[in-house]
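Everything on this sheet refers to the single structure shown next.
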Amino acid sequence: MKYISTRGQTAPMDFSDVLLMGLAPDGGLMLPESYPQIDSATLAAWRKLSYPELAFVIMRLFATDIAEADLKDIIERTYTEAVFGSSDITPVRKLDDNLYILGLSNGPTLAFKDVAMQFLGNAFEYVLKKKGERITIIGATSGDTGSAAEYALRGKDNIEVFMLSPHGKMSAFQRAQMYSLTDANIHNIAIKGMFDDCQDIVKALQQDADFKAKYNLGTVNSINWGRILAQIVYYFKAYFAVTDAENSSTDTKVSFSVPSGNFGNICAGHIAREMGLPVDRLIVATNENDVLNDFFNQGAYHPRPAEKTYVTSSPSMDISKASNFERFVYLLLEKNTDRVHELFDGVKSGNGFDLADVMEAVNSRYGFAAGKSTHADRLATIKDLHENFNDLIDPHTADGIKVARELQREGEIIICAETALPVKFAETIIEAVGAIDIERPAHTQGLEDLAQHVTVLDNDAELVAQEIRNGVTANA
Ligand SMILES: *Cc1c(COP(=O)(O)O)cnc(C)c1O
């Protein structure tokens, strides 16, 4: 399996090279040349597999340059009950006859990003060892991504991590999660500024070609292909969990509702559907930052500038430019790489685009639908599930449930992705249901009491560069 860029100007590459990459050299995103097709007999056989077995049969189709025994080993070390709390890894629970919740947030940092990031950590270590390389991961985080990356990369050979976060802007729980780590390869840097300032510093360091080469700078952000790949697995797993082996044929379809920001999670669902998983609709749920809602309803994609991005109570979806969206548009435009290039160059210079003429394909051929949820919707949904279903969900998942219920058709089975656990966002939960004790997994008990390790720096890229120079031995 070879990988190509959505912009058509990058020579085909192998999985292990794509794994360590951010953007393609031509500015596009890497994708497999085609998506493998799964027939109904194969699908029936996969139904019996455990999570790691299923991950293996899916990933081997995409990671063809990794020896099968090695891939199996990486997967078996990743998807364990010890790391994800149950052998189901991503357990499904039933809310009512046609509405289910897919628990994706039972990993170390209590958000769905762990499912992919834990795989990436082990896969990175393996590939770097094979290539005899070292890598310096730099990232900017407002919470979930940074902690998921740190818990995935802590203690890994040949990897140093420098994670920038806005000083004093994260929740107490998020700070404790990241800053309490004591692994020598994890470097937390709090910048006196906002999340955007952190991101600008990361960009500035990446653009310094000499520095980038000297320290082999890399990222693990949401455009990483390995993350998308790992996320495909749980769409299959969830389908098997809610359909019944005896009565179901490929006529039984399910829909997914996915709280979305960068379009990474639901992009994996889109790929699963393209592979032949019987998915009816893929429902994009947004918060007040509703750029994707506008696209999937009207065909107009107009990303907001960063300063017009709303700060909401589902903060991990406060994104105005959906960085994975180009992967879908590439297919939608029938692989017309010139057109993709032109449209997304426009986005880069602050413009939007309008694809109203292909909306029929967006909705029918690709099954996309979308809806939006606000702060009031979030609170009402959390309260309703708490009072009437004895179930506590986090604000992001509440956006997914709200939109699922709003769009659900007669008889449609919808599985909503649970993208974080409520304890991470206690303030909003308490606003919704009043003061209650929010359950937390044993491994996070007393987290806030641990000593914290963080270097606070002024908003200056050179100061961060100096930290990296001090913390990493440069490539020879
Ligand atoms: C990252 C994140 C999202 C958004 O996922 P995308 O893949 O960026 O669409 C939703 N909810 C939570 C809790 C997240 O951490």
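Derivation of every value follows stated rules applied to the coordinates shown; laboratory data play no part. Given the structure is predicted, the values throughout are model-derived calculations rather than measurements. Backbone-built Cβ (ideal geometry, glycine too); neighbour counts: all protein chains shown.
A few comments on the model shown:
- Dmax and Rg, reported as Rg then Dmax, of region 6-69 (C-alpha, Å): 14.5, 42
- Dipole-positive endmost among Asn459, Gly471, Gly434 within region 433-476 (Cβ charges, Cα centre): Gly471
- With q set to 0.09, 0.13, 0.14 Å⁻¹, the log10 of I(q)/I(0) for the chain, from the Debye formula over equal scatterers at the Cα positions, is -0.57, -1.32, -1.58.
- Axial C-alpha extent at least 30 Å, average Kyte-Doolittle at least -0.5 - helices from the chain (DSSP): none
- Pairs from the table (Lys113/Lys402; Lys48/Lys113; Lys131/Lys237; Lys113/Lys348) lying more than 31 angstrom apart at Cα are Lys131/Lys237.
- Near Asn287: Cβ cut-off under 11 Å, other residues only, Lys/Arg at +1 and Asp/Glu at -1. The net charge is -2.
- In the chain, the DSSP beta bridges split such that about 25 percent are antiparallel, to the nearest 5.
- The alpha-carbon of Lys192 sits under 20 angstrom from the alpha-carbons of these aspartates and glutamates, leaving out residues fewer than 8 places away in its chain: Asp144, Asp200, Glu307, Asp458, Asp460, Glu462, Glu467.
- Two-decimal log10 I(q)/I(0) for region 102-248, as the Debye equation yields it once each C-alpha is a single scatterer, q = 0.15, 0.16, 0.22 Å⁻¹: -0.79, -0.88, -1.46
- The mean of 1/r over all pairs of different alpha-carbon atoms in region 323-476, once inverted, gives a Kirkwood hydrodynamic radius of 20.5 Å.
- Expressed as a fraction of 2.2 N^0.38 Å, the value expected for a compact globular protein of N residues, the C-alpha radius of gyration of region 28-103 is 1.32.
- Structure-based [θ]222 nm, the chain - -39500 (n - 2.57) summed over DSSP H runs of at least 4, per residue, nearest 500: -12500 deg cm²/dmol
- Three-way shape label, region 226-335, alpha-carbon gyration tensor, a/c 1.5: prolate
- Residues whose amide H falls under 5 Å from that of Ser255, counting only those 5 or more places apart or on a different chain, are Asp280, Arg281, Ile413, Ile414, Ile415, with hydrogens built in the peptide plane.
- Each other residue within a Cβ distance under 13 Å of Met194 adds +1 if Lys or Arg and -1 if Asp or Glu, for a net charge of -3.
- For region 34-67 versus region 181-202, the gap between their alpha-carbon centres in whole angstrom: 37 Å
- Region 44-84 shape via C-alpha gyration tensor axes, a/c threshold 1.5: oblate
- Inter-centroid distance (Cα atoms) of region 115-141 relative to region 347-382, Å: 32 Å
- Taking Cβ atoms as reference points and 13 Å as the exclusive limit, the residues near Lys203 contribute a net charge of -2, counting Lys and Arg as +1 and Asp and Glu as -1.
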